[in-house]
Structures are given as C-alpha cells and as structure tokens.
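Presented below is the structure to which this report refers.
Where a number appears in this text, it was derived from the coordinates with a stated rule and is not lab data. Nothing here was measured: the structure is a model prediction, and the numbers come from that model. Cβ placement follows ideal geometry from the backbone for every residue including glycine, while neighbour counts extend to all protein chains displayed.
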Amino acid sequence: TTLFRSMCWVIQNSVLRFKGTEQEVSRLVPMLDATLLSAELAQQLAARTVVQYRAAKEESRIKESREFIIVRPGERERAIEFIRGWIRSHVHDYLKICDPFFSLPDLEVLKLIKEISPDCSVQVLTSRKEQVRSGVNVPYQEAYKQYLRIHVLSEDPPPTEIVIVGVGSSGDSPIHDRWLLTGGSGLRLGTSFNSLGLSKESEVSVVAESEAAALESRIDEYLVRRRREFKDGRVSYEIIIL
C-alpha cells in the first residue's frame with residue numbers, strides 16, 4: 001500500500017542518513033521500536049477483523065438457515081412449522097397467495113391462517129386450467145364452499161377471495177411461480193401447499209421485503225382484474241368468495 005511504501009522510504013533514508021553518526025542510536029532505535037509497535041497493533045487489528053468476519057459469516061449462515069429450508073418427502077410437519085412461524089411473525093392484515101396449481105385440497109392453508117391470524121383477509125390467484133385438470137365441479141363457488149365445509153373448517157374461514165384466471169382457450173396461468181405475500185415479506189414455495197413434504201423435495205424460502213413488494217405489485221394486476229391480455233391471449237376471470 002501507499003502507506004507501507006512511505007514508511008519503508010522514511011526508514012531506509014533514516015538508516016542511510018544516521019548510520020555511523022552520533023545520532024544513530026538516538027534516532028534509529030526509537031524508530032525501530034515504533035515500527036515494531038505498529039506491526040504488533042496491525043497484527044492485533046487483523047486478528048480482530050478475522051474474528052469479526054467469522055462471527056458475521058456464522059450469523060449469516062444461521063440467519064439463512066432460518067429463512068430457507070429444503071423439504072424432503074416425509075417432512076411435511078417441518079414445512080408447516082416453518083410456514084406457521086413466518087405467518088405468526090409477518091402476516092397480520094392480509095395474505096396473498098399466488099399458485100397456478102391451487103385447487104380444493106390447498107384450502108387447508110385457510111385452517112392454518114384461521115388458527116394463527118384469524119383477522120387476516122386472504123386472496124388467492126390460481127388458474128382455470130388447474131380447476132379443469134383436477135376435476136373441480138362447476139359452479140366453482142359451490143364446489144369450493146362444500147369442500148371447505150366438509151374437509152377443512154366447520155366454522156367460517158378468514159375472509160377469502162379466490163381469483164381464477166385463465167389465458168385464452170387453454171385457461172393457463174400467466175404466472176408460473178408460487179408465493180405467499182404480505183406487507184413487507186413473502187415466502188417462495190417450490191410446490192403447492194398441499195403437496196409439501198409428500199413425494200418430492202421442494203424449497204420454502206423467505207422473500208426479501210423489496211422483492212416481495214415487486215411480486216405483490218405483479219400479481220395485483222390479476223387480483224384486481226386490471227390485466228385483460230397476456231401475450232396474444234385474452235385473460236378471463238372467475239371470482240369465488242368464501
């Protein structure tokens with residue numbers, strides 16, 4: 001560094017200047033002592049920096065382990081506990097669920113929300129294609145209400161709106177990924193809620209605040225039915241109120 005080169009220049013010039021003179025001892029010995037002291041202080045600072053770096057790295061690792069899990073087959077309860085902790089910490093007023101494969105069995109998530117944050121309102125964005133594929137009877141409103149009452153909750157669920165979106169004749173979803181989003185945070189799911197920890201490995205990870213806000217803005221285009229076209233297809237909507 002520039003400082004190191006400057007110190008070397010000063011020391012070398014002092015040695016050349018005072019070598020063999022009466023001032024050799026009085027000038028060079030204090031300079032040597034000061035150099036050794038500086039080196040010792042630098043070593044102590046470097047050691048402290050290494051300790052702080054390792055502590056920060058460990059803290060980051062622990063934090064990451066709390067915000068990211070891989071759910072393996074048979075670990076459904078572990079996944080539910082992770083989601084339960086996130087809901088308890090972050091979800092108070094509302095929750096938005098984006099899952100193009102959301103269908104009747106995924107209504108189980110409402111039981112979890114009712115348990116932890118009963119005053120929270122819920123909006124779900126799913127696809128018409130998935131309703132057809134999974135054989136949900138029409139009218140969808142009645143099918144969802146009946147399944148909820150028989151299989152999930154005997155009492156009223158949290159205020160819930162399910163937006164079924166479809167692009168063109170296929171009824172496919174314009175969004176492929178799965179998220180749980182609320183003010184200031186979110187979760188990314190590698191599979192639908194009902195499939196977590198069953199037959200395949202999947203990821204559950206916390207979404208940073210800035211990213212969650214951007215994702216929420218993206219799905220709001222469909223939750224409020226603002227988007228009418230996607231690529232070359234017409235976007236259709238069907239609303240279920242629970």
- Name the residues whose placed amide hydrogens come within less than 5 Å of the amide hydrogen of Val207, ignoring near sequence neighbours (fewer than 5 apart) on the same chain. Gly186, Leu187, Arg188
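What's the ranking of 145-156, 190-201 by average number of surrounding C-beta atoms within 10 Å, highest first?
Details: 145-156: 13.2, 190-201: 16.8.
For the peptides 145-156, 190-201, the packing ranking is 190-201, 145-156.
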- By how many nm would the segment from Asp93 to Thr35 grow when fully extended, if each residue of separation counts as 0.36 nm and the alpha-carbon distance is taken off? 14.6 nm
- Under 5 Å, built H, 5+ apart or other chain: amide partners of Thr191: Glu203
- Query: What ³J(HN,Hα) values, in whole Hz, does the Karplus curve 6.51 cos²θ - 1.76 cosθ + 1.60 give for segment 175-192 when θ = phi - 60°, with x put for Gly and Pro?
  - Reply: 10, 9, 7, 10, 9, 10, 10, 8, x, x, 6, x, 10, 9, 10, x, 8, 5
- Message: Residue by residue through segment 196-203, what is 3J(HN,Hα) from phi via Karplus (6.51 cos²θ - 1.76 cosθ + 1.60, θ = phi - 60°)? Round to whole Hz and write x for glycine and proline.
- Response: 4, x, 9, 10, 9, 6, 8, 9
- Between segment 141-169 and segment 72-100, what's the alpha-carbon centroid distance in Å? 19
- Message: Could you give each residue of segment 226-242 its phi-based ³J(HN,Hα) in whole Hz, using Karplus coefficients 6.51, -1.76, 1.60 with θ = phi - 60°, and x for Gly or Pro?
- Response: 7, 7, 10, 9, 9, 6, 9, x, 7, 9, 10, 9, 9, 10, 10, 10, 10
- Task: Name the long-range amide H neighbours of Leu125: under 5 Å, sequence gap of 5 or more, or other chain; modelled H, no Pro or chain starts.
- Result: Ile97, Cys98, Asp99, Val163
- Item | Listed residue pairs exceeding 30 Å between alpha carbons, taken from Lys96/Lys129; Lys129/Lys200; Lys111/Lys231; Lys114/Lys231 | Lys111/Lys231; Lys114/Lys231
